[in-house]
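See structure below.
The values are calculated or read from the model by the stated rules, or taken from the named source; none is laboratory data. Keep in mind it's a predicted model, so treat the numbers as computed, not measured. Neighbour counts run over all protein chains shown; Cβ positions are idealised from the backbone, glycine included. Surface accessibility is based on the protein's heavy atoms, side chains included, excluding ligands, DNA and RNA. Shrake-Rupley method; radii C 1.70, N 1.55, O 1.52, S 1.80 Å.
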2 protein chains.
Amino acid sequence: MTPSWQTAGTDLCSIRNLLRMLRTQSTEHTPEELAQFINEHVHQQNILTQIIGLSEVQYHGRAASTADQGSYLTIIKPDGSIQIHKSKGVKPMNWQPKTNEIYARVENGECVLTALRHRPEELVRITFLETVIAQAFILAEEGGFILQGSESEMQEVLAHHPEIIEPGLIVLERELMVSSGGIDLYARDSTGRYVVVELKRARATQSAVSQLARYVRSIQLALPAGSEVRGILAAPDITKPALLELQARKLEFKEIKALPSIKKDVSPTLFE
Amino acid sequence: MTPSWQTAGTDLCSIRNLLRMLRTQSTEHTPEELAQFINEHVHQQNILTQIIGLSEVQYHGRAASTADQGSYLTIIKPDGSIQIHKSKGVKPMNWQPKTNEIYARVENGECVLTALRHRPEELVRITFLETVIAQAFILAEEGGFILQGSESEMQEVLAHHPEIIEPGLIVLERELMVSSGGIDLYARDSTGRYVVVELKRARATQSAVSQLARYVRSIQLALPAGSEVRGILAAPDITKPALLELQARKLEFKEIKALPSIKKDVSPTLFE
DNA sequence: GAATAAATGTCGTAA
DNA sequence: TTACGACGTTTATTC
């Protein structure tokens, strides 16, 4: 039996281009051929496999879900992660971050891809009813990836410029570990009171408030009885319930709109 | 300048297959053509676009990130969401959940895809250094998707209608494997000579010519000495250098403008 | 491995 | 549209 996929010609690549199409499967194939194609490519180093077509997806694990017949894009990455995309959204319809086992086989005349994961025990099953195309690519060479602007960077900036939060504030510790977790900034205000600062890069929610409250209590327990400890939640925004709870707990909110950048922008002119 | 891709025919594969590939672009294209390809497909109703190749990605918005040159898979969904995948993890390396604006243009000789989002103000910029493949799919309302218009379909049609290439041509084999790769169509002409047909969905380039030449040589070696083997490059268009090389190698070019659709049972109202 | 918190979280829904 | 909470959250880090 001749498989209906072909090895791509070598003329597809150039010296700089290390990503190459490895193999392609046409629309013409039997379930057996598709299963063979998948099994030959999945879990191999650097090979990303893609199947597009009418499929059915089942998930069983932390939850359970079934996707009826639909046209989905299935991507299997070299690390064994799998994701099934529909036409909308960044998030896949179904996925499996890491799999212990991936295999395809023919069941009842159709190619079924099974992705298993232990701990937690999860299962994704994709039945390919009508495959439109199956492709495998080599994804070689990965460039460096640099992310900036996370909460840690916010902490970095505010640690050096605590006056943004409040004039006279002096930072004593960053990432101070207490029983309930790590305090972003531990400081002292101009009147000598201890201050616990909780940073949020996004809009602060109730969970941030209770987090701050836990830290404040931890500090109060560590200090001599009667010591006054302030709690400041610093974020660009706060939700209404969070603000109410904050006030009820006698904690404070400090709006952080913009931060002086400590690193060069990617391309500052883009937004001018 | 003729774009190197083709609009797919109106024929449908099956009633169950709702998504189909609309257009395909091969590996050969200029940055201008790639930009045009993207602009024609992106943000259109029901069209999912994919670009695979050596790229560079920048993000600026809630945070900022830069990804150096690497082989990435870019997916643009019909809802305007965009995601750039590397070889690991379910999560994309860069993404944009929903965009207000997506456009591609040539900057400094390279195709740059810009995805803008307001509220929050965010920007993703992808520079395609070397594209391996660009694909576009139609997605129907019901979420099915099926592909059409690929080279495989072209092969399908021409295998059944070899007279389009040349009257009296008889197809002996499809996807005939030889040492140098897979021959799209292996046939015999009206005078009994063997014919190797290489198909290109897009404008044929020199690499297609050398590919065809390799196949012809492989067949010549396999046949008794002195056997005459013709090589035909069938494509909608051919570049000037490719045509010159073709003539120098005594190979032939056959322009394929339109293909008769393969009629299959389907309700034409789906795509109006 | 369990627990904890960050994330460019994403996504859906009610006001 | 905006606010708000849920998510198979995922992912990274710490204990």
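Annotations
- Within region B:106-116, the only residue that satisfies the criterion of being loosely packed, with under 15 Cβ neighbours inside 10 Å and part of a strand (DSSP E or B) is B:107.
- Against the criterion of being loosely packed, with under 15 Cβ neighbours inside 10 Å, within 20 Å of the chain's Cα centre (by Cα) and within 14 Å of DNA strand C (Cβ to nearest atom), residue A:92 does not qualify.
- Of the residues in region A:133-145, not one is modelled with pLDDT under 90, part of a helix (DSSP H, G or I) and either assigned by TED's automatic domain parsing to the domain that holds residue A:36 or more than 28 Å from residue A:74 (Cα to Cα) (or both).
- Note on region B:179-233: residues that are assigned to a strand (DSSP E or B), within 11 Å of another protein chain (Cβ to nearest Cβ) and among the β-branched types (Val, Ile, Thr) amount to 1.
- Number of the exception - residue A:69 against (1) at pLDDT below 90; (2) within 13 Å of DNA strand D (Cβ to nearest atom); (3) part of a strand (DSSP E or B): (2)
- Among the residues of region A:174-211, those identified as more than 15 Å from DNA strand D (Cβ to nearest atom) and surrounded by 17 or more Cβ atoms within 10 Å (Cβ to Cβ) are A:185, A:186, A:187, A:189, A:194, A:195, A:196, A:197, A:198, A:199.
- Restricting attention to region A:130-149, the residues being at the interface with another protein chain (Cβ under 7 Å from one of its Cβ atoms) and touching a residue at least 60 places away in the same chain (Cβ under 8 Å) number 8.
- The listed residues are A:127, A:99, and the only one of them that is part of a strand (DSSP E or B), more than 30 Å from residue B:99 (Cβ to Cβ) and either within 13 Å of DNA strand D (Cβ to nearest atom) or hydroxyl-bearing (Ser, Thr, Tyr) (or both) turns out to be A:127.
- Looking only at residues in region A:53-83 that are open to solvent by less than 10 Å² (accessible area, probe 1.4 Å) and without any contact (Cβ under 8 Å) to a residue 24 or more places away in the chain, the one that is farthest from the other protein chains (Cβ to nearest Cβ) is A:73.
- Residue selection: residue A:170 fails the criterion of being modelled with pLDDT of 90 or more and within 13 Å of DNA strand D (Cβ to nearest atom).
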